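The values are calculated or read from the model by the stated rules, or taken from the named source; none is laboratory data. All values reported here derive from a predicted model rather than from experimental measurement. Every residue, glycine as well, gets a Cβ built from its backbone with ideal geometry; the counts of neighbours run over all protein chains shown.
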Amino acid sequence: MSDVILRLALPSPLRRLFDYRAPANMARQALTPGMRIRVPFGRREMIGILIEIADKSEVPADKLKPAIALLDPVSPLPPALFKLCLWTAQYYQHSLGDTLSWALPVLLRQGEPAEARQERFWQVAPGARLDDPRIARAPRQREALATLAQHPHGVAHTLLGKLMLSKDSLDLLLAKELVQVEVRRHLPLARHEHWLAQPELPLNDEQRAAFNAVRSGFDSFHAFLLAGVTGSGKTEVYLQLIRETLEAGKQALILIPEINLGPQTLARFEQRFNARIALLHSAVNDRERLDAWLAARDGEADIIIGTRSALFTPMKHPGLIIIDEEHDGSYKQQEGLRYHARDLALVRARQENIPILLGSATPSLESLHNAHSGRYGLLRLNQRAGGAQQPRFLRLDVKSRPLDSGISGPMQQAIGQTLAAGQQVLVFLNRRGFAPTLLCHDCGWMSECPRCDARMTVHQRSNELRCHHCGYDERVPRQCPQCNKVDLRPVGAGTERAEERLNTLFPDFPVLRVDRDSTSRKDAMNQLFNTIQRGQPCILVGTQMLAKGHHFPRVTLVAILDADGGLFSGDFRASERMAQLIVQVAGRAGRAEEPGKVIIQTHLADHPLLVQLTEQGYFAFAEQALSERRAAGLPPFAHLALLRAEAHKPGQAESFLDEACSAAEQLLAEHNLHGIELLGPVPAPMERRAGRFRAQLLLQANARAPLHRLISAWLLLLENMPSGRQVRWSLDVDPVDLY
Ligand code: ADP
Ligand code: ZN
Ligand code: ZN
């Protein structure tokens with residue numbers, strides 16, 4: 001008797017498949033790859049995905065365990081998604097089972113049936129008449145029946161309120177058998193004839209050229225970079241391309257950064273189209289996510305909008321992928337499967353043979369490089385669409401000027417003048433809390449986190465010292481813990497302190513703070529924005545939460561309190577991030593009639609990158625930064641992989657990495673691989689974090705193929721290295737943050 005062997009991918013970090021025996025009642029003909037199967041694993045049960053069916057296993061027959069149950073009658077994973085997951089696992093050198101588990105909706109991983117939720121639908125009963133004598137004197141029931149009669153497919157129970165249908169009236173009608181309730185799936189609506197719910201704006205020349213370029217690439221894979229200054233009407237171009245996609249009977253997938261999740265962004269898509277929109281973002285619950293995923297898979301959603309992981313939403317009729325704000329850091333996942341959704345979107349577009357459009361006012365250097373080398377078509381929008389002017393930039397040298405809570409004298413004057421002119425001011429400081437550290441003026445003690453190599457931030461309002469790296473907090477001490485003197489002073493300024501100071505300086509104007517601390521309440525952010533939209537003179541103080549997506553037409557001055565962090569950081573991407581942030585924040589200003597002004601406080605007023613950025617704009621800056629990267633042999637002119645390790649005891653992470661480094665050197669020699677440098681191991685820039693000691697080993701290669709050949713052989717060795725058991729380690733292919 002020959003057994004049927006099921007070869008499964010399991011949600012485990014081990015880079016291999018696992019064999020199980022098919023139970024007798026599991027007929028071989030009924031099995032296809034992609035089906036979910038419940039199996040025993042150690043003392044637990046797991047849900048695996050069938051990859052192959054085999055006749056033989058390397059595992060001895062008496063060790064081979066039988067699977068428990070088959071969960072799907074057909075594979076819930078369409079082949080295209082499966083192919084993308086295989087590619088992803090291979091490229092990021094991650095276990096296939098774990099990759100699939102990141103890619104699938106939570107409920108599917110947990111074994112829920114791959115079926116959309118059933119709903120209760122209210123319908124007019126066959127033969128029921130509006131003039132039924134039993135309701136002749138019941139106007140509310142008559143009205144309810146009339147409303148229901150307008151919906152021949154019935155009304156979902158959850159929508160009763162929206163149609164002002166009262167449950168009481170319906171219950172009375174039900175008792176008279178004039179209406180009936182049916183439990184079923186949402187009926188897919190017929191495809192629309194008229195996709196537009198709202199007229200389109202006539203495109204200007206630049207928009208039209210961009211639109212036409214993408215439109216003419218609709219038949220197959222083409223990649224475009226839409227580099228348009230803030231307010232140049234990129235979104236309008238997206239909307240019109242989506243309409244074209246819908247008219248061709250296809251679906252469009254739009255990825256947006258986490259921070260853009262504001263209602264404004266989504267509303268623009270929802271208001272424009274008569275279309276079924278599936279939303280997959282962090283505010284959507286697991287059930288809604290599964291429903292949206294299934295609807296997209298089955299061609300019952302026309303537009304799919306979501307954050308990073310929505311990239312893994314299958315589409316029955318894929319037509320177009322759009323990545324909004326393609327430079328945004330939230331597209332890179334920083335845990336588990338460390339994928340970059342923008343990079344994978346390109347792979348997906350190629351696999352599905354459809355066009356992809358990356359849009360940004362501040363494109364990543366990677367994407368600009370791809371545009372220069374001809375891999376992407378470059379589309380530029382240089383003018384603001386509504387006719388507003390680009391803001392003017394000023395560098396304010398604060399080398400010899402005292403800062404008062406982070407604000408110099410000339411900056412105070414500029415803020416005062418703007419308010420006096422009846423306009424709004426945006427003060428940007430990418431540091432929340434009151435002050436980044438507390439210092440004893442007597443002995444020099446500083447508020448260090450006991451678990452990290454980092455200072456704790458003073459939060460005055462809650463009277464706490466808080467570590468922004470591990471979350472540790474304690475009360476602000478009244479006297480120095482080291483010398484007991486009472487001369488503790490906050491050093492430096494965060495948004496809380498700037499807010500307090502601005503309140504004192506400008507008591508007649510409201511000061512509104514926008515950061516993670518002030519907006520943790522659900523609609524605090526929206527309330528703030530309403531105040532701002534009303535247009536009274538006021539000051540907005542905030543972190544990068546202010547930089548994205550919002551439109552503040554009455555802001556005419558953007559005050560950037562500190563840009564220097566980005567200019568002398570050890571991270572080679574810091575200047576790129578700083579430039580993007582400055583330009584994005586600046587882009588909030590002067591979007592209506594009045595032109596905007598941006599003043600940047602800096603100690604490095606002559607820094608070439610800052611000069612380039614402020615005098616010639618982001619693209620000139622980017623060219624300069626790209627040539628520096630080329631000279632230094634850094635991405636996008638080189639390829640990186642980072643092996644990180646952390647352990648409870650000092651030295652453990654390093655010894656594992658030392659061993660890993662020797663193994664890599666040996667493999668390089670054995671496989672005759674060239675052009676790869678091993679840098680390290682070194683302690684991580686923040687060596688201790690949340691009580692663990694961290695170290696890293698960087699691999700830098702001038703070509704991708706040898707790097708990938710090295711790591712695929714290397715990881716199998718690392719998995720079996722005894723020193724690896726004492727540490728937590730992970731490999732990051734194309735790391736974005738080098739810490
Ligand atoms: P971006 O996405 O590039 O930041 P938006 O699409 O938000 O720009 O457009 C900025 C503003 O210009 C919006 O208020 C939008 O309605 C308007 N706009 C866009 N395209 C046009 C156009 N062709 N004609 C007139 N106004 C436009
Ligand atoms: Zn002291
Ligand atoms: Zn900490």
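Which one of Ala67, Ala89 is among the aliphatic types (A, V, I, L, M), under 30 Å from Glu719 (Cα atoms) and in contact with a Ser or Thr (Cβ under 9 Å, 6 or more places away or on another chain)? Selected residue: Ala89, the only one of Ala67, Ala89 that is among the aliphatic types (A, V, I, L, M), under 30 Å from Glu719 (Cα atoms) and in contact with a Ser or Thr (Cβ under 9 Å, 6 or more places away or on another chain). Considering only the stretch 422-459, how many residues are free of Cβ contacts under 8 Å to residues at least 12 places away in the same chain and away from ligand 3 (no atom under 16 Å from the Cβ)? Matching residues across the stretch 422-459 total 1.
Take the conditions at pLDDT below 95, surrounded by fewer than 18 Cβ atoms within 10 Å (Cβ to Cβ), under 27 Å from the mean Cα position of the chain (by Cα) and of a type in the set (D, E, K, R) and apply them to Arg704. Does it pass? Criteria met by Arg704. The set of residues in the stretch 1-44 that are among the acidic types (Asp, Glu) and either under 24 Å from Leu716 (Cα atoms) or modelled with pLDDT of 95 or more (or both) contains only Asp19.
Name every residue in the stretch 320-343 that is out of contact with any Pro (no Cβ under 8 Å at 6 or more places or on another chain), farther than 19 Å from Leu368 by Cβ and either free of Cβ contacts under 8 Å to residues at least 24 places away in the same chain or not hydroxyl-bearing (Ser, Thr, Tyr) (or both), in order of residue number. Result: Gln333, Gln334, Glu335, Gly336, Leu337.
Is it true that some residue in the stretch 419-429 is within 23 Å of Arg588 (Cα to Cα), small (Gly, Ala, Ser), more than 16 Å from ligand 1 (Cβ to nearest atom) and in contact with a strand residue (DSSP E or B) (Cβ under 6 Å, 6 or more places away or on another chain)? No: zero hits.
Taking Ile37 as the residue in question, decide whether it is touching a residue at least 24 places away in the same chain (Cβ under 8 Å), assigned to a strand (DSSP E or B) and over 30 Å from Arg725 (Cα atoms). For Ile37, the condition - touching a residue at least 24 places away in the same chain (Cβ under 8 Å), assigned to a strand (DSSP E or B) and over 30 Å from Arg725 (Cα atoms) - is not met. Here Leu253 fulfils each of the conditions (1) free of Cβ contacts under 8 Å to residues at least 40 places away in the same chain; (2) under 29 Å from Leu378 (Cβ atoms); (3) buried (at least 19 other Cβ atoms within 10 Å of the Cβ) apart from (1).
May I ask you to verify whether His327 is at pLDDT 95 or above and surrounded by fewer than 23 Cβ atoms within 10 Å (Cβ to Cβ)? So His327 fails the test. Those strands (runs of 3 or more DSSP E) of the stretch 415-513 in which 2 or more residues are within 16 Å of ligand 2 (Cβ to nearest atom) and within 19 Å of Asp404 (Cα to Cα) occupy 437-440, 488-491. Identify all residues within the stretch 582-596 that are under 20 Å from Leu403 (Cβ atoms) and either out of contact with any strand residue (DSSP E or B) (no Cβ under 7 Å at 6 or more places or on another chain) or at pLDDT 90 or above (or both); write none if there are none. Hit for the stretch 582-596 is Ile582, nothing else. Applying the condition of being among the aliphatic types (A, V, I, L, M) and farther than 13 Å from Ile321 by Cβ to the stretch 295-309 and asking which residue is surrounded by the fewest Cβ atoms within 10 Å (Cβ to Cβ) yields Ala295.
Residue check: Asp734 meets all listed conditions (1) surrounded by fewer than 20 Cβ atoms within 10 Å (Cβ to Cβ); (2) at pLDDT below 95 but one, namely (2).
In the condition set (1) under 26 Å from the mean Cα position of the chain (by Cα); (2) in a helix (DSSP H, G or I); (3) free of Cβ contacts under 8 Å to residues at least 24 places away in the same chain; (4) surrounded by fewer than 22 Cβ atoms within 10 Å (Cβ to Cβ), Ser627 is compliant with all but (1).
Okay, residues lined up against (1) farther than 30 Å from Asp734 by Cβ; (2) crowded, with 18+ Cβ neighbours inside 10 Å:
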site	(1), (2)
Leu84	no, yes
Gln90	no, no
Ser101	no, yes
Ala146	yes, no
Leu163	yes, no
Glu177	yes, no
